[in-house]
Each structure stands twice: as C-alpha cells, then as structure tokens.
Amino acid sequence: MKIITAVRGFKDILPGESEKWQFVEGKAREIFGNFGFREIVLPILEKTELFRRSIGETTDIVEKEMYTFVDRGDESLTMRPEATASVMRAYLEHGLYASESLVKLYTIGPMFRRERPQKGRFRQFNQLNAELLGSKDPRVDAEVILMLITFLRSVGVADARLEINSLGCPACRPAFREVIHKDLEEKRDGLCEDCRRRLSTNPLRIFDCKVEGCKAIVATAPLLIEFLCGECREHFDAVQSGLRLFDTPFEVNARMVRGLDYYTKTAFEVTTGALGAQNAIAGGGRYDRLVEELGGPESPGIGFAVGLERLVAVAPIPDETVIPRPELFIAALGKEAQDFAFVLCNRLRMKGALAETDYGARSLKSQMKRSDKLGCRYTLILGERELRERKALLRDMKDSSQQPLGLDDAENTILGILSTE
RNA sequence: GUGGGUGUAGCUCAAGUGGUUAGAGUGUCGGGUUGUGGCCCCGAAGGUUGAGGGUUCAAGUCCCUCCACUCACCCCA
C-alpha cells in the first residue's frame, strides 16, 4: 500500500530541528519582551476580504497565492498569507488603540502561500511578527530595527545585511509614480516582458528586476528617494541617525521595494548569502495608513516579519546546545529489577531529573550501548545480585568508574549526585 | 504558472556499451566469557530499483506518460 505523504510544500519539523526552533523562539520571547512587546495569538483563518483590502488587490499574494475557499456558510475564507493584517484586525476589533496609546505586539505562527516550493520557500512557513502601533516617531523605526538586529545576533546571525529605504507617503509617492512611469514608458522596448506588464500594474517593482537589460535601464532612472516630500525626507534621515547611535551597520538601498501595498516611509530587509535565491530572512516597514484603510482611527504603525525556516537554516546553533541528553540511564536485568527501575526512573523524572530506562529485557551490554548512545552521564546497573544486596552500581560513563549505591535511599542519593553536575 | 536536475535499503550512494539470486557504507537488532558502553570483528533483518506502459530472448540501465523531490524564473519571510 502506498503511504500517504505530506502535502507539497508542507514540512515536518523533526526532533533535532524542533529544539532549534524552540531555542530561536525562546530568544525572541526574551528579547521582544525586553523591548516591551507582548504576545498575541491569532487565528489562522480570516475572512478573505481582510487580505484583499490590506495587502492589495493587485499584489501577487492576493492575485494568485492565497489558499481561499468558500466555507459551508457561503463565506469566503483564507488561510493567512501574512500576519500583519490579522494583527490590525484584532487591534481594531478589540479597540486596543483605546486602552493604550502605544501598542507593541508580537506573534508566532504559520503562514500559507501557494507558490512553487524551492530552497527557503514553502507553502506553509512560519513567521515571527512584531508590530508597534500608535507612533510615527522615527526613533520608533530605529528601535524596532534595533530589536530585530539584537534578536538575530542573539541566535548567532551577525553577518547579515541590513538594507533600508523610504517608500514615501501619499503626498510624494503618486507624483514619483508618474515621473517613473513616464521615464520607463520611453524606454519600454528595452524592458523584459514581465516589466512591460509591471509598467501598468506596479512600476516600482521594475526596480528589483534581475534581468540585465532592465537593471541597466533602472540604473539611470530617477529614484523615489530623490522625490521624497519634506516630511518623508526628514523622517528617513532621523531613522538613519537613530540607527547610527547603536552598533547597527546598514546601507540605503534605493531600489528596494516591498511586495505589499500598505507600506509607507521606512522599509527594511535583512538578507544573507547562505540561502540561495530566497535570501531574505526578515523584512518589514512602516504602514501609517493601514489601520485607517481598514476603517479604524489614525494609527501609524511599523513592524517586521522574520522567516523562521530561513532563520533556523542560517543560525549556527550547535546540536549539543539544544538537544537534550538524559543524565541517568537505569540498566535493569530481570523482571524484578525492571519493576524497581520503573518506579525509580519515574520518581526521578517527577523530581525533575532526566532519567531513562529500558523495559525490553535486553542484555546488559545492549543497555549499556543504549545509555552510551543517548549520551547519559551515568548508568545505574541494577541486576538480581544488586537487588538482593540492596546496592546498585552507579557507573560514571566518562571515566568508567563504578561505585555502590544503596537502593533504599537511591532516589535522593541520585538526585544529590545529579544536582552537583 | 514556466524551465533545468534527480528518483535504487531508514539515511548517503554503487551497479562498463541492456545479461544470473540489485551491492557497499551508515543506522537498527543480535553475537564476539558468565552481568559492563565507546574502538575492532562477525551475523541478521531491511528493496515492487517512484508509478504505469512500451521495445527486447533479457530492462535499475533504452523509449513514452504520469508522479514526487529539488534548484531556478516569478515572488517573497
């Protein structure tokens, strides 16, 4: 019979890797917590309308990548392709803007996009999102970026590139859009097929096209950064000087674009060379109009998303630091000894010790092998002889020394020895 | 959605131009003195060669179709 496999683009995270995820999540909780962010747990399904309105009707995500279906109640639902929209929805739905002027939230969980899988790209992938609402102060932009970099460093990623840009606001972007559209329209013939299409849908996207011909054209085209309005210019400068106060090297990439429509002003991206074509491990930006567009009060915000699969792939987390090893293995010989081991082993566990044993009635040799393989520091040898004499043998697997250990008080003796390790 | 690459044991891979019962390493299990791990030695289990069809006396090998995985385009975390 043919076995059933996981759905394409959906992955299992097995033990060995799952511990690394826990490590990364633990660091995030710790550092985000220090910066005053609190966790919000969100549903994975939302009304389709939420994403259509926030992400943008003409974006690739909405046009062709969403897992959308009609529920039995004739309602169109979508498995979230990103988290910011959901955070905004919850922010509005629960009136969080009323309880506090500044709201800092983070959330961890799976996102879904029906793209063709490749290295670093999956149909279900996990993101770690942080969103800060209620301030348009540029220092907040720098603070959020600083938090991201601090987190990345805490998991050992120190050599990633931080790129920032400004995408302008409703005051300056439309004007630039016209300029660039006009400029590129004149050079239309030199553009690739995709870019000719983008000309009418999303001209800004042409800036990060990888086709050589387009790159050359774009190299001489005007940049949005040159057309920023006074407010945006000032904001962008302030973000940069904010970052300079800390040890966070960055570079301005005037050609960086974001895939979602709601971004304004600050946009940033963290990339690494170790991931193949999908080189972004984190990306984010400011979205000052998003809440209003969803029908809420004026609530400027900024946030970012970290791709956990990608981060875990590049974070140098040694196995030894995260994979648990039992402290004690109880090798039991014979039915009676096994019964004793059953009780002792579980009592130790209930007291917080990492103990392991074997009920398979296997030879002492096999059990020693297992103890060694599990990486146990000690093995307690418990046979009929030891049971009779009420004294087991505690073997130190490091130096192969053995000492007798009274059975009547074994539990406490062992806990004492393990606690001094 | 479009290209390229790859599918043989749980894992990593072998099997000149088609030719007996498809091999090795590793892992698993057992053994090498009676009750003692690592190193070494021996043995066992484990395969519908991704699936289906075709050519042939004969297909893991050649042809076709499908599927899966993978890398890239696209897009993005």
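Every number in this text was worked out from the coordinates using simple rules, so none of it is lab data. Quick caveat, the model's predicted, so the values are computed rather than measured. All Cβ positions, even for glycine, are placed from backbone atoms using ideal geometry, and neighbour counts span all protein chains on display.
Label points 7 Å out from Cα along the Cβ direction at A:L354 and A:E49: separation in nm?
In this crude spin-label approximation the distance works out to 5.1 nm.
Provide the net charge surrounding A:E327, with neighbours chosen by a C-beta distance below 11 Å and charges set as Lys +1, Arg +1, Asp -1, Glu -1.
Here the charged neighbours net out to +1.
Roughly what % of DSSP beta bridges within chain A run antiparallel, to the nearest 5?
Taking every DSSP beta bridge within chain A, about 80 percent pair in antiparallel fashion.
Could you work out how much longer the chain between A:E336 and A:H181 gets when fully extended? Use 0.36 nm per residue separation minus the Cα distance between them, nm to one decimal.
47.4 nm
Gaussian network model of chain A, Cα springs within a sub-10 Å range: biggest mean-square fluctuation belongs to which of A:P170, A:P81, A:P138?
Sorting by GNM fluctuation, first place goes to A:P170.
Among the aspartates and glutamates, select those whose C-alpha is under 12 Å from the C-alpha of A:K351, and discard any that sit fewer than 8 residues away in the same chain.
The qualifying aspartates and glutamates are A:E411.
Taking the Cβ of A:V62 as the center, what net charge do the other residues with Cβ under 15 Å away carry, scoring Lys and Arg +1 and Asp and Glu -1?
Around A:V62, the charge tally is -1.
To make sure I understand the rule: partners must be lysines, Cα under 20 Å from the Cα of A:K47, and not fewer than 8 residues away in the same chain. Which ones qualify?
Leaving aside lysines fewer than 8 places away in the same chain, those within reach of A:K47 are A:K64.
Which net charge results when you count Lys and Arg as +1 and Asp and Glu as -1 among the other residues whose beta-carbon is under 13 Å from that of A:R161?
It works out to a net charge of -4.
Please report A:I61, A:I164, A:I44 as a ranked list, fewest other C-beta atoms within 10 angstrom at the top and most at the bottom.
Going from least to most buried by this count: A:I44, A:I61, A:I164.
Compare A:R388, A:R53, A:R255 in a GNM of chain A, Cα atoms joined below 10 Å, and give the one with the largest fluctuation.
A:R388
About its Cα centre, what dipole magnitude does the range A:315-412 give when the only charges are +1 on Lys and Arg Cβ and -1 on Asp and Glu Cβ, stated in debye to the nearest 20?
For this selection, approximately 200 debye.
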